[in-house]
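Colleague: Quick one: structure below, then a few questions.
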Amino acid sequence: MQEKISQAKSESRRHQAETEAMLKATKAVLRMTDFQTAAHSIFNIAKEIIGATGGYVALLSDDGAENEVLFLDAGGRPCSVDESLPMPIRGLRAESYHRQEVVYENDFTTSEWLKFMPFGHVHLENVLFAPLIEGGKAVGLIGLANKPGGFNHNDIRIAGALGEVVSIALINSHTQERLKASEKLYRNKTIELERALKQVKSLSGLLPICASCKNIRDDKGYWQAVESYIATHSEAEFTHGLCPSCIRKLYPEMADEIIASMSNPKNDRRP
């Protein structure tokens, strides 16, 4: 009976610790200033609650061929691998990507996956990979390694849940990026529209015009020639000529010839 009570207490403490870990991870997303910071925080929570000593978070490259590591924690173990070397999608991590589920290997040194390790890589006794899912596709991984005693099925559950939280952070980050891009586009379009509106002038309402000379009175009470007023209050420009009536009035002897030439573009002799 005492052993059962002790197991129940241990199980209760474990559930409480897992709940607290999930709350911390959720808060990391809610307080997120950038994805890498949130992912690093959730990774540390996963490492602590599961008991791993090292690992990393990586995103899939645009061409889907490599892992692009956001950060790596070697757990204090030596690693001489050149950081500039690519991390192709192969071995056990490829299984996690393709199956879109948590996978682990507790005897890594004798497994088939060891052959994919580059020379100088940190020594791995065991590894676990949890995929990051966005839009139904695995777009990244949480990798955990070197847990004393090895990983278990409960670790799969915890890593999967925390992987989902990191995925939410990633989705939020991409959503914010798209919103910023949309806002920038909107601002640019607004600026362009405002510039266009400043260039557009229109005439409306009643215009006080002299019945004799046809000058127009402006808002300040000054009288302007009609062409001057319209040019000031619109985008119209004037070219000057004479109508047939004015031609007959000003040039009665030559009126017929001038009017005839005006109607014939090939022989334009406007005064």
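No value in this document is a laboratory result; all are computed from the given coordinates. Keep in mind that what you see is a predicted model, and the values were worked out from it rather than measured. Positions of Cβ are backbone-derived with ideal geometry, glycine not excepted, and every protein chain shown enters the neighbour counts.
Colleague: Need the list of aspartates and glutamates near residue 198 for cross-linking: C-alpha distance under 16 angstrom, and skip anything on the same chain fewer than eight residues off.
Modeller: The reachable aspartates and glutamates, counting only those whose Cα sits under 16 Å from residue 198, are 235.
Colleague: Using the scaling law 2.2 N^0.38 Å as the reference, what is the normalised Cα Rg of the range 216-267? Display every interim value, and only then the final one.
Modeller: On the way: Rg = 16.0 Å, N = 52, 2.2 N^0.38 = 9.9 Å.
Here the Cα radius of gyration is 1.62 times the empirical estimate.
Colleague: Sticking with this one: Given H placed on each backbone N at 1.01 Å, which residues far from residue 215 in sequence or on other chains put an amide H within less than 5 Å of it?
Modeller: 210
Colleague: A follow-up question, please. When the chain is treated as a GNM, springs tying every alpha-carbon pair under 10 Å, which of 85, 59, 206 comes out with the largest mean-square fluctuation?
Modeller: 206
Colleague: Using Cα atoms only, what is the angle between the long axis of helix 35-50 and the major principal axis of the chain, expressed in degrees (0 to 90) to the nearest 10?
Modeller: Value to nearest ten degrees: 10.
Colleague: Do any trypsin sites (Lys or Arg not before Pro) in the range 128-219 lie in a DSSP loop with no more than 13 other beta carbon atoms within 10 Å, and if so, which?
Modeller: Numbers: sites: 137, 157, 178, 180, 184, 187, 189, 195, 198, 201, 214, 217; in loops: 201, 214.
Sparse-neighbourhood loop trypsin sites (Lys or Arg not before Pro): 201, 214.
Colleague: Let me ask something else. Would you work out which of 16, 92, 197 lies farthest towards the positive end of the dipole of the chain? Charges go on Cβ: Lys and Arg +1, Asp and Glu -1.
Modeller: Farthest towards the positive pole: 197.
Colleague: Quick one: in the chain, what % of C-alpha pairs are over 22 Å apart?
Modeller: On the way: 25948 of 36585 pairs.
So the portion of pairs separated by more than 22 Å is 71 percent.
Colleague: Count neighbours as other Cβ atoms within 10 Å of each site's Cβ, and list the chymotrypsin sites (Phe, Trp or Tyr not before Pro) in the range 116-148 that are DSSP loop with at most 11 such neighbours. Kindly include the intermediate steps, with their values, before the conclusion.
Modeller: Numbers: sites: 116, 119, 129; in loops: 119.
Filter output for the range 116-148: 119.
Colleague: Could you work out the helix-only [θ] at 222 nm for the chain, with each DSSP H run of four or more residues adding -39,500 (n - 2.57) and the total divided by the number of residues, to the nearest 500 deg cm²/dmol? If you can, show how the numbers build up before the last one.
Modeller: Working: 7 runs with 124 residues, N = 271.
Rounded to the nearest 500, it is -15500 deg cm²/dmol.
Colleague: For the chain, modelled as a Gaussian network with Cα springs under 10 Å, which listed residue fluctuates most, 166, 81, 29?
Modeller: Result: 81 has the largest fluctuation of those listed.
Colleague: Write out the GluC sites (Glu not before Pro) in the range 24-102 meeting two conditions: DSSP loop, and at most 16 other Cβ atoms within 10 Å of their Cβ. The partial results should precede the final answer.
Modeller: Details: sites: 48, 66, 68, 83, 95, 101; in loops: 83, 101.
Those satisfying the criteria are 83, 101.
Colleague: Gap in Å between the Cα centre of the range 51-89 and the Cα centre of the range 175-253?
Modeller: 65
Colleague: Among 234, 212, 167, which one shows the biggest mean-square fluctuation in a GNM of the chain, springs joining Cα atoms closer than 10 Å?
Modeller: 212
Colleague: I would also like to ask the following. Could you check the simple spin-label distance between residue 206 and residue 218, using points 7 Å along Cα→Cβ, in nm with one decimal?
Modeller: The two pseudo-label positions are separated by 2.2 nm.
Colleague: Which of 47/180; 24/47; 24/115; 24/147; 115/147; 27/47 have a Cα-Cα distance over 25 Å?
Modeller: Values: 47/180 33 Å; 24/47 13 Å; 24/115 37 Å; 24/147 21 Å; 115/147 21 Å; 27/47 17 Å.
47/180; 24/115, as the Cα separations exceed 25 Å there.
Colleague: For 70, 132, what ranking results if the residue with the fewest other Cβ atoms within 10 Å of its Cβ goes first? Could you put the intermediate results ahead of the total?
Modeller: Values: 70 15, 132 27.
Sorted ascending by nearby Cβ count, the order is 70, 132.
Colleague: Any idea what the dipole of the range 216-267 comes to, in debye rounded to 20, about its Cα centre with Lys/Arg Cβ at +1 and Asp/Glu Cβ at -1?
Modeller: On the way: 5 positive and 8 negative charges, 27 e Å.
My answer is approximately 120 debye.
Colleague: I would also like to ask the following. Would you mind ranking 256, 73, 63 so that the residue whose beta carbon has the fewest other beta carbons within 10 Å leads the list? Mind showing how you got there, number by number?
Modeller: On the way: 256 13, 73 20, 63 6.
Least to most surrounded, the residues fall as 63, 256, 73.
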